[in-house]
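Only one structure is covered here, and it is reproduced in the block below.
The values are calculated or read from the model by the stated rules, or taken from the named source; none is laboratory data. Keep in mind that this is a model prediction, so the values were computed, not measured. With ideal geometry, Cβ positions are generated from the backbone for all residues, glycine too; neighbour counts draw on all protein chains shown. Just the protein is used for accessible areas: all its heavy atoms, side chains included, with ligands, DNA and RNA removed. Shrake-Rupley method; radii C 1.70, N 1.55, O 1.52, S 1.80 Å.
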Amino acid sequence: MAERKTTPYLLSAPALLVYSAFLAAPLIAVTILSFNTFTMATGIQPGFSLANYAEVLTDDYFHRIFLRTFGLALLVAAIAALIGTPEAYILHRMAPAWRSAFLLVILGPLLVSVLVRTLGWAVLLGRNGLINSALIGIGAIERPIEFMYTMTGVVVALVHVLVPFHVLAVWASLRRLDPAVEAAGLSLGASQATVLRRIVVPQIMPGILSGSLIVFTLAASAFATPSIIGGRRLKVVAMTAYDEFLNSQNWPMGAAIAAVLLAATLVIVLGYNRWVERRYAQAFQ
Amino acid sequence: MMTRNGPWALAFHALFVGFILAPLIVVCLVSFTTESYLSLPVTGVSLRWFRAIAGSDFIPAFYNSLYVATAAATIALALSIPAALATARWRFPGRDALTAFFLSPLMVPHIVLGVALLKFLSDIGLSSTYFGLIFAHVIIVMPFTLRLALATLTGLDRAVEWAAWSLGASHGTIFRRVTLPLILPGLAGGWLLAFIQSFDELTMTVFVAAPSTMTLPVRMFNYVTDNIDPLVAAVSTALIFVTILLMIAMDRFYGLDRLLAGKGAR
Amino acid sequence: MAFLDLRGLTKRFGGTIAVDGLDLSVDRGEFVALLGPSGCGKTTSLHMVAGFVEPDAGTVRIDGRDMAPVPPNRRNIGVVFQSYALFPHMTVAENIGFGMEMRRVPAAERAVRIGEALSLVRLDGYAGRYPRQLSGGQQQRVALARALVIRPDLLLLDEPLSNLDAKLREEMRVEIRLIQRQVNITTILVTHDQAEALVMSDRVAVMDRGRIVQIDRPVQAYDCPANAFVSNFLGRANLIRAAVVNRGQGRLCLRAGTSEFEIDGSTEADEVTVSIRPERIGFVETGGIAARVKVSLFMGDQWLYRLDSDLGGLTVCAPNAGGARIADGAPVRLAWPADAARVLNG
Ligand SMILES: Nc1ncnc2c1ncn2[C@@H]1O[C@H](COP(=O)(O)OP(=O)(O)OP(=O)(O)O)[C@@H](O)[C@H]1O
Ligand SMILES: [Mg+2]
């Protein structure tokens with residue numbers, strides 16, 4: 001429509017204002033905070049010091065936490081891709097009525113509080129939980145296995161919490177797939193497996209890759225599930241920042257940890273996107 | 001498709017669905033126990049833990065969550081509509097940067113937003129206020145409302161608005177009588193998604209909420225770090241049922257997969 | 001002065017020039033068809049007339065008044081969009097009534113006029129339906145009724161029939177033309193269907209790459225195409241490149257290959273392109289030009305022959321008079337009246 005040039009700016013101004021106040025300003029404030037120092041005796045001291053970053057980047061304690069966090073995220077993303085991709089394809093091949101019902105079942109839990117889902121795993125995985133009772137009941141084990149406060153437990157629960165994101169991403173790219181292309185492959189004499197490998201997978205690869213990225217980044221910053229299932233012994237980055245802020249009251253250190261997490265996440269997301277785009281630029285516009 | 005899933009695929013599917021549903025079903029089952037510890041209701045079914053919710057401090061936390069989520073989703077939607085109009089309808093310098101900025105909260109881990117807002121809100125004296133908490137949630141949910149508003153607006157045939165224009169309608173009338181009714185389902189879906197996101201948000205809220213403004217997820221988190229008992233399972237069961245109802249509503253409005261497509265992608 | 005007057009209308013989209021200095025005058029009550037291939041700028045021109053798109057240069061005048069400062073909602077122009085653009089959330093009656101509502105026509109009068117409009121487009125009894133409950137042809141007629149009922153000064157139709165099946169399209173051509181005569185409304189019809197343009201309009205404006213290359217009455221435009229583009233676009237044409245052997249008294253003697261033939265016309269050039277309509281060429285026993293049938297296509301009411309000849313490839317239409325078709329590969333002789341061929345400019 002023929003209108004003045006300022007109109008779009010006026011229309012976005014309210015949102016821009018709120019974003020400046022409640023997103024940009026806090027992120028700047030916390031960045032500044034991360035350069036402050038803290039001691040038990042004096043509290044937070046203003047000033048510019050790289051001490052917090054030096055500690056986060058050199059201390060073994062933090063190395064272990066960051067390694068654990070990103071290793072956990074990688075494992076969760078890999079498992080989610082391994083089980084989420086075939087599930088999305090199975091959904092894709094279902095009759096429409098079944099498909100929409102199962103989409104609801106599989107994607108619906110995304111809308112159920114993470115806490116509730118984690119709680120379910122706590123009930124299932126506990127010493128006297130259902131899994132142990134069942135395993136003892138059928139005589140597979142004699143004494144309960146410890147799942148709570150183990151990496152296995154955290155991985156299982158996080159995969160459960162995040163795998164719907166992967167299914168969703170792959171499902172979205174499957175929906176763009178022209179069904180006639182698969183039929184064409186079959187009509188040209190390819191077996192079902194060949195069609196899958198040579199025709200379907202290459203086309204949904206962007207969906208698989210973006211789904212993995214989403215799961216990875218969400219797992220790397222996950223808080224509730226590792227806290228409840230992993231506990232203090234298996235600290236991840238988010239819990240560490242939480243403890244620095246709300247238990248030790250060392251805000252500058254917590255801010256530095258958060259800043260490193262944010263920077264690492266952004267580097268991974270943007271680098272990954274660049275890589276995917278370069279790889280798939282020609283094939284997908 | 002003419003080809004159907006084979007038996008192995010269906011077996012895998014059954015396992016997958018079982019995996020997805022198991023923890024939710026288990027939570028529901030244990031909440032009906034007659035015992036005072038977590039156990040499957042083998043001896044008998046009772047509603048004692050649901051009755052126990054009434055007197056607990058989960059109730060005020062639930063109301064807090066309700067207020068905050070309603071306000072945050074509504075404000076986010078109100079901000080999203082004009083912003084979406086601007087980016088969908090005009091080509092202007094800075095347009096892409098603006099869209100990226102509005103969607104950027106999706107890229108920032110909630111833990112980072114939490115610490116940033118804790119620091120910032122206490123600096124400006126807004127910590128432990130509803131105002132600060134609500135706007136913190138607006139930032140978190142606005143990418144969802146904006147995305148759905150954008151999707152519905154770009155899906156709209158411009159000619160329909162032009163038809164109204166040529167028939168004599170002013171800009172205001174076009175928006176009220178034509179554009180708004182046509183994008184309303186998308187907006188409603190976006191509002192519901194934002195509401196649920198805000199209602200369930202824990203990681204950021206842990207930092208921003210004070211005892212007086214504590215939301216239900218924060219209350220539950222603090223509770224389960226001490227002990228997990230049938231009371232919190234009963235609260236969870238209630239939440240699951242409310243979510244199912246909202247989900248069915250959203251599916252009616254917009255289609256759940258289309259709606260959630262905005263949730264995952266970054 | 002003409003009722004609608006477009007002068008030097010120009011619109012660019014980024015690097016591409018969609019409309020390039022378009023001039024057009026339309027008299028009151030006249031029906032003009034804007035005809036041209038896809039992407040030549042027809043829709044953009046129409047949208048500039050309606051006011052949806054602002055021209056980069058040029059003026060739109062209606063009844064002598066410059067439209068530049070007038071927004072679309074004050075132009076009183078009825079528009080039928082290619083996509084119909086019905087309001088999906090309103091019933092047929094509400095769609096048709098919308099324009100009158102904007103003009104604050106009292107409800108009682110509105111109801112009467114909605115009823116009249118519905119009978120005009122033969123949709124009585126459909127008032128309560130929603131657009132999605134109508135067929136494509138019915139939707140198109142609702143769009144027409146919605147545009148007509150506001151008694152616009154000008155009616156713009158953007159390929160209104162392109163989504164209809166062949167039979168309904170022919171019916172609607174006649175119907176729209178009758179309605180237009182009945183209410184005597186100045187109309188521009190955009191189409192890329194030459195038959196539609198020829199059947200419906202008082203004058204045909206042929207567009208090519210953002211400009212009008214010829215505007216004439218249908219018979220004139222068809223019989224005397226201004227250039228090769230028009231002759232090819234308006235119906236089928238045989239374009240023959242020939243050398244001028246002899247000239248004088250409005251007659252030319254031409255040679256192509258080893259054949260010589262005479263036509264009406266005059267030119268300064270030594271070489272010309274002439275256009276001959278396939279239906280003007282006939283088969284003769286003796287004389288004429290030798291040719292050989294390459295392939296024959298059955299079109300129902302006629303046969304279409306593709307032939308090789310001295311003049312190059314030729315197309316000939318012959319009415320299906322019940323006789324046997326000429327076999328592929330058969331030698332034939334062709335002839336045409338001297339006034340059948342047109343010398344094209346440029
Ligand atoms: N909004 C736009 N942005 C960029 N280019 C445009 C836009 N609208 C039209 N164009 C370009 O302008 C040219 C003319 O377009 P227009 O729609 O007027 O053609 P048309 O004659 O109506 O074609 P058709 O018969 O296919 O409808 C085309 O090359 C088109 O690509
Ligand atoms: Mg067009």
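Before moving on, here are some points about what is shown:
- The calculated FRET efficiency for the pair residue B:131 and residue B:96, based on their C-beta separation and a Förster distance of 35 Å, comes to about 0.65.
- In this structure the amide hydrogen of residue C:245, modeled in the peptide plane, comes within under 5 Å of the amide hydrogens of C:253, C:254, C:255, none closer than 5 places in sequence on its chain.
- Backbone HN-Hα couplings from phi across the range A:251-262 [Karplus 6.51/-1.76/1.60, Hz, Gly and Pro as x]: 4, x, 5, x, 5, 5, 4, 4, 5, 5, 4, 4
- Net dipole in debye of the range C:43-140 [+1 Lys, Arg Cβ; -1 Asp, Glu Cβ; about Cα centre; nearest 20]: 160 debye
- The range A:111-251 - percent relative contact order, Cα under 8 Å, separation 6 or more: 30 percent
- Taking the range A:150-180 and a reference point 7 angstrom along Cα→Cβ of residue A:98, no backbone N atom is nearer than 14 Å.
- Helical content alone sets the calculated 222 nm signal of chain C at -7000 deg cm²/dmol, taking -39,500 (n - 2.57) per DSSP H segment of four or more residues and averaging over every residue.
- Lysine pairs in the protein assembly as shown whose alpha-carbon atoms fall under 29 angstrom of each other, counting only those eight or more residues apart or on distinct chains, come to 7.
- On the beta carbon distance between residue A:197 and residue A:266, with R0 = 45 Å, the FRET formula returns roughly 0.85.
- Between residue B:157 and residue B:222, the modelled label-to-label distance comes to 5.5 nm, taking each label 7 Å out from Cα in the direction of the beta carbon.
- Local net charge near residue A:253, Cβ-Cβ under 15 Å (Lys/Arg +1, Asp/Glu -1): -2
- Electrostatic bookkeeping for residue B:179 treats Lys and Arg as +1 and Asp and Glu as -1; over the other residues with beta carbon under 13 Å from its beta carbon, the sum is +2.
- Other-chain or far-sequence residues with amide H under 5 Å of residue C:294's (modelled H): C:306, C:307, C:308, C:329
- Interchain or long-range residues, amide H under 5 Å from residue C:19's placed H: C:11
- Interface of A with B. Using a 1.4 Å probe and counting protein heavy atoms only, the two chains hide about 8100 Å² of accessible surface, both sides summed.
- Shown is the FRET efficiency for residue B:46 and residue C:107, computed with R0 = 51 Å from the Cβ-Cβ distance and rounded to the nearest 0.05: 0.25.
- Highest-MSF residue in chain A out of A:22, A:147, A:48 [GNM, Cα springs under 10 Å]: A:22
- Gap separating the Cα centres of the range C:213-257 and the range C:321-346, nearest whole Å: 16 Å
- Span per principal axis, largest first, for the Cα atoms of the range A:59-283 (Å): 65, 49, 28
- Taking 0.36 nm per residue of separation and subtracting the current Cα-Cα distance, fully stretching the chain between residue C:183 and residue C:302 would add 39.1 nm.
- For the range A:49-83 and the range C:119-154, distance of Cα centres in Å: 65 Å
- Of the trypsin sites (Lys or Arg not before Pro) found in the range B:62-127, those that fall in a DSSP loop while having at most 14 other beta-carbon atoms within 10 Å are B:91.
- Computed extension gain for residue A:186 through residue A:48, at 0.36 nm per residue and net of the alpha carbon distance, reaches 43.1 nm.
- ³J(HN,Hα), Karplus 6.51/-1.76/1.60, whole Hz, each residue of the range B:178-193, x for Gly, Pro: 10, 4, 4, x, 7, 9, 4, x, x, 5, 5, x, x, 5, 4, 4
- Inter-centroid distance (Cα atoms) of the range A:102-149 relative to the range B:44-63, Å: 23 Å
- Scanning chain A for trypsin sites (Lys or Arg not before Pro) in DSSP loops with at most 15 neighbouring Cβ atoms within 10 Å leaves A:6-126 as the longest stretch between them.
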